[in-house]
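Single-structure report; data block below.
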Protein chains: 2
Amino acid sequence: MSFIVRKGKIPDMPQVLNLIKELAAFEKEPDAVIVTEKDLLRDGFKKNPLFKTYVAEQDGEIVGMALIYPRYSTWKGMTIHLEDLIVKKDKRGLGIGKALYSRVMQYAYKKKVKRVEWVVLDWNITAVDFYKSTGATILTDWHLAQMDEKALQAYINK
Amino acid sequence: MSFIVRKGKIPDMPQVLNLIKELAAFEKEPDAVIVTEKDLLRDGFKKNPLFKTYVAEQDGEIVGMALIYPRYSTWKGMTIHLEDLIVKKDKRGLGIGKALYSRVMQYAYKKKVKRVEWVVLDWNITAVDFYKSTGATILTDWHLAQMDEKALQAYINK
């Protein structure tokens, strides 16, 4: 069955959140998702939205989504970050992921950004191989650093 | 000699760009910086700026800078990304880096974001140790993926 890829709209957010939660459960971190539908509606659709989504729709159902936002490289200038690309578990292998990925790349190309960037888990060989096949580079000498809310509070109050 | 940390302003950008270029030269990639003063002025000071800077000033000279912008976690919500934190080479060891770092954390705390995130080169043990000492977590199982302008063009035209 065919699907279409289009910009994500307000009524899509409940299903987008379901996809986010489905992925978190698959990664065995179901409780890690604290984002709510209200957050997505506020942050993605306010005057200067914090992100933009593309969704894949099949028979009125949202079966995949990509979430992006701008970043800024001090060497290159504006870039696009691909935060998440999710395809519903029982809809994989139909080209939906690749269609969403291509749509993001087309948007980035149109916007004339200097780079599209994202992160990938080192054990996800299938994803790494796909990214490489599209011309992407995988940088293995950088580590992510994060200060979460709790650590931030402790640091500030020290 | 003492220094102050404050928000970066338009007249600071030439010196901020010098710091960016100094770091690139130090990392043996002097030609990698294609960002211009005009880019920084347009992108950092337009109506919805792409980034925000803090600078360290000593005797009227900009001796350090931190550049940040918002990101969005599909699990947590709004976060702050620390893209760059640079201290002029001959001004290191005076606490300027830590003062800029703390200022960014204070801003993130005030904004009630869910996380501050950045990247660090795996061989930069001094930096990694400092970040850990402040409560940050280093994630070693993620790799950065990047599609640069040239690869993007090739992918789109394929």
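Coordinate-derived values only; no laboratory data. Given the structure is predicted, the values throughout are model-derived calculations rather than measurements. Every residue, glycine as well, gets a Cβ built from its backbone with ideal geometry; the counts of neighbours run over all protein chains shown.
Annotation: peptides A:5-17, B:104-116, ranked by per-residue average of other Cβ atoms within 10 Å with the highest first, follow the order B:104-116, A:5-17. Across A:95, A:44, A:135, mean-square fluctuation computed from a Gaussian network of chain A (C-alpha pairs under 10 Å connected) peaks at A:135.
Within straight-line reach of residue B:150, meaning a Cα separation under 19 Å, sit the following lysines at least 8 residues removed in sequence or on another chain: A:76, A:110, A:111, A:112, A:114, A:132, B:158. Hydrodynamic radius of the protein assembly as shown by the Kirkwood approach over all distinct alpha-carbon pairs: 20.6 Å.
Under a Gaussian network description of chain A, with springs only between Cα atoms under 10 Å, the residue in A:144, A:40, A:121 that fluctuates furthest is A:144.
Between residue A:123 and residue B:46, the simple label model (points 7 Å from Cα in the Cβ direction) yields a spacing of 4.2 nm.
For the range A:17-85 and the range B:83-148, write down the distance between their C-alpha centroids in whole Å. What the calculation gives is 24 Å, centre to centre. Modelled label positions at residue B:7 and residue A:32, each set 7 Å beyond Cα in the direction of Cβ, lie 3.5 nm from each other.
Remark: mean inter-chain Cβ contacts per residue of B:65-72 equal 5, using a 10 Å Cβ-Cβ cutoff to other protein chain atoms. The calculated Kirkwood hydrodynamic radius for chain A is 17.2 Å, given to one decimal from all distinct C-alpha pairs.
A simple spin-label model places the labels of residue B:158 and residue A:58 2.3 nm from each other, with each point 7 Å out along Cα-to-Cβ.
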